[in-house]
Structures are given as structure tokens and as C-alpha cells.
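These notes concern the structure reproduced below.
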Amino acid sequence: MRVVLLGPPGAGKGTQAQRLAALTGAAHLAIGEMVRAEIADQTPLGHTLQGYYDRGDLAPDTLIVEMVTSYLTRVDSWILDGFPRTKTQARALDATLAERGAILDRVIWLDLPDEEVIRRLTGRRQSRATGKIYHLADNPPPPDDPGPFVQRADDTPENIRHRLESYHAVTEPLKAYYAASGLLTEIDARGPISAITDAILRAVRQS
Ligand code: AP5
């Protein structure tokens, strides 16, 4: 299985990728998590990425492409969460797949209006123990997750607004790129979490 999950911030890419990985055994390649890990580990790459992350800007294509392609060479079955987000990244993914004689099964686009993005991201919490993503109102942490449940440093109103602007300007145009190749499935991300997982699995199985 080789699936790309795209959509605005807060659309549920991470939530759905975690569920799909558990159900299918495919690797969950979460680019935002990779960026956060580099920053937390204070690596030289992390120092470079920090400013982009703190502002809600996309990190430079060269750095992200290098990071992602090194993972793609190690696993065969994957769910890409949040990559590609620019045309340069999309072309780099095409080239990596072509080099390996592999094909992309589907690009799933989770659509969500901006007001709902803001509501979701302000209520999001992530478990430090399990890495699972929750929402204070819609998807509260279960009693068996010990937590603690923390808010992401980039979930500030200003950062969210900036991520949304960058999404509309740079990433949303990729819809046309993938529609043209016949790989795109758009899904309304406002339904229940499990119904969206089912819709993604249906789209992937039909591809
Ligand atoms: P990243 O971590 O990928 O952030 P993002 O794209 O802004 O997306 P989010 O993680 O905020 O949202 P999500 O869609 O995963 O939603 P979630 O499942 O958590 O990237 C962070 C940064 O890294 C970027 O700003 C950039 O600097 C850098 N970066 C990453 N990729 C890059 C790239 N390719 N190129 C350059 N730079 C890159 O859900 C959100 C909330 O909603 C949760 O609370 C969840 O419980 C809830 N929820 C989910 N689904 C539902 C539902 N169906 N109903 C109700 N609530 C729901």
C-alpha cells in the first residue's frame, strides 16, 4: 500500500494515518513528527527547521525531500502524512517511485473548512506516552492512555492562521496535479473518524 494523505492543518491526516497503519501494517511516515523529532533532539537539521516550524512556514523542499526519500528507500508499504506539499516535492516523489519501479495507489485529500480547522487545532491534545492524537471535545483521551496530554507548540492562533495561508497558496494547487493523474480521491473530513477511515480504505481498495 502506498498512499498519500493531504489536506489542511487539522483535517485529520495524523489521526487517519495512525488508524490506517494499525489496520494495514503499512508504515506511517509523518513528516511533521519527523520535523518535531529533529527539533526535540537538537540536531543540526533540527536547528535549521526550528524557525520555519515556529512561524508555521513550510520547511525548504531540499531538506524535506532528502529526509522523506531516505525513509521511502527503507520501507515498501507506507502512508505519507503531509508530503508532498509543494509541486517540487510532488515531482521528487514521482522520481523516487519511478527509480524504484513503484506506483502510488492513491492520494486522499481530506477537505475541511477553515473555521473547523481552527476549532479542531485549538482542542487538539497529543499523548506523550502513546503519541495518539485526541480532541478535548470530539475525541477525548481514553482512561487507558496514561498521557500526559499536551498541546503542540505550533497550535497557536497566529501559527494556525499562517499554516492555513500557506496551505491555500502552495499545497491546495496540488489537487489539480493529482486529479490530472487520476490518483485523487477527495473526502469530506467532517464525518466521524471511523467513517472517514472506512471511506479511505474503500478508495484505496478500488484503486
Ligand atoms: P504537520 O505536523 O504535518 O502539521 P499540519 O499539516 O499543520 O497538520 P496537523 O498535524 O496540524 O493536522 P492533521 O491533519 O494531522 O490533523 P490531526 O489528525 O492531528 O506539520 C508541522 C510543520 O512541519 C509544518 O508547519 C512545516 O513547518 C513542517 N512540515 C511538515 N511537512 C512538511 C512538508 N511536506 N514540507 C515542508 N514542511 C513541512 O487532527 C486534528 C484534531 O482534530 C485532533 O484533535 C483530532 O483528534 C481531531 N479530529 C481528527 N479527525 C476528526 C474528525 N473526523 N472529527 C472530529 N475531530 C477530529
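The values are calculated or read from the model by the stated rules, or taken from the named source; none is laboratory data. A quick note: this is a predicted structure, and the numbers were derived from the prediction, not measured. Counting neighbours? That spans all protein chains shown, and the Cβs are built from the backbone with ideal geometry, glycine included. For the accessible areas, the whole protein counts, side chains as well, though only heavy atoms, and no ligand, DNA or RNA atoms are used. Shrake-Rupley method; radii C 1.70, N 1.55, O 1.52, S 1.80 Å.
Of the residues Val107, Val35, the single one that is under 24 Å from Ser194 (Cβ atoms) and of a type in the set (Val, Ile, Thr) is Val107.
The residues of the range 24-71 that are over 23 Å from Leu93 (Cβ atoms) and exposed (fewer than 15 other Cβ atoms within 10 Å of the Cβ), listed by number, are Ala40, Asp41, Gln42, Thr43, Pro44, His47, Gly51, Asp54, Arg55. Residues in the range 143-172 that are open to solvent by less than 40 Å² (accessible area, probe 1.4 Å) and either of a type in the set (Phe, Trp, Tyr) or more than 13 Å from the ligand (Cβ to nearest atom) (or both): Gly147, Tyr167. Comparison of Ile133, Ile118, Ile79 shows that the only residue that is surrounded by 15 or more Cβ atoms within 10 Å (Cβ to Cβ) and more than 14 Å from the chain's Cα centre (by Cα) is Ile118.
Inspect all residues belonging to the range 183-194 and state whether any of them is more than 15 Å from Ala11 (Cβ to Cβ), open to solvent by 70 Å² or more (accessible area, probe 1.4 Å), free of Cβ contacts under 8 Å to residues at least 12 places away in the same chain and out of contact with any helix residue (DSSP H, G or I) (no Cβ under 7 Å at 6 or more places or on another chain). No, every residue in the range 183-194 fails to be more than 15 Å from Ala11 (Cβ to Cβ), open to solvent by 70 Å² or more (accessible area, probe 1.4 Å), free of Cβ contacts under 8 Å to residues at least 12 places away in the same chain and out of contact with any helix residue (DSSP H, G or I) (no Cβ under 7 Å at 6 or more places or on another chain). Checking Leu104 against (1) at negative phi; (2) at pLDDT below 95, which test does it fail? The one condition Leu104 does not meet is (2).
Counting only residues that are at pLDDT below 95 and assigned to a helix (DSSP H, G or I), the range 69-95 holds 4 of them. Take Ala199 and decide whether it is open to solvent by less than 40 Å² (accessible area, probe 1.4 Å) and small (Gly, Ala, Ser). Yes: the conditions hold for Ala199. Residues of the range 108-142 that are in a strand (DSSP E or B) and within 8 Å of the ligand (Cβ to nearest atom): Leu110, Arg124, Arg125, Gln126, Ile133, Tyr134, His135, Asn139.
Condition first: over 27 Å from Pro113 (Cα atoms), assigned to a helix (DSSP H, G or I) and open to solvent by 50 Å² or more (accessible area, probe 1.4 Å). Can you find one or more residues in the range 8-20 that meet it? Checked against the condition, which is being over 27 Å from Pro113 (Cα atoms), assigned to a helix (DSSP H, G or I) and open to solvent by 50 Å² or more (accessible area, probe 1.4 Å), the range 8-20 yields no hits at all.
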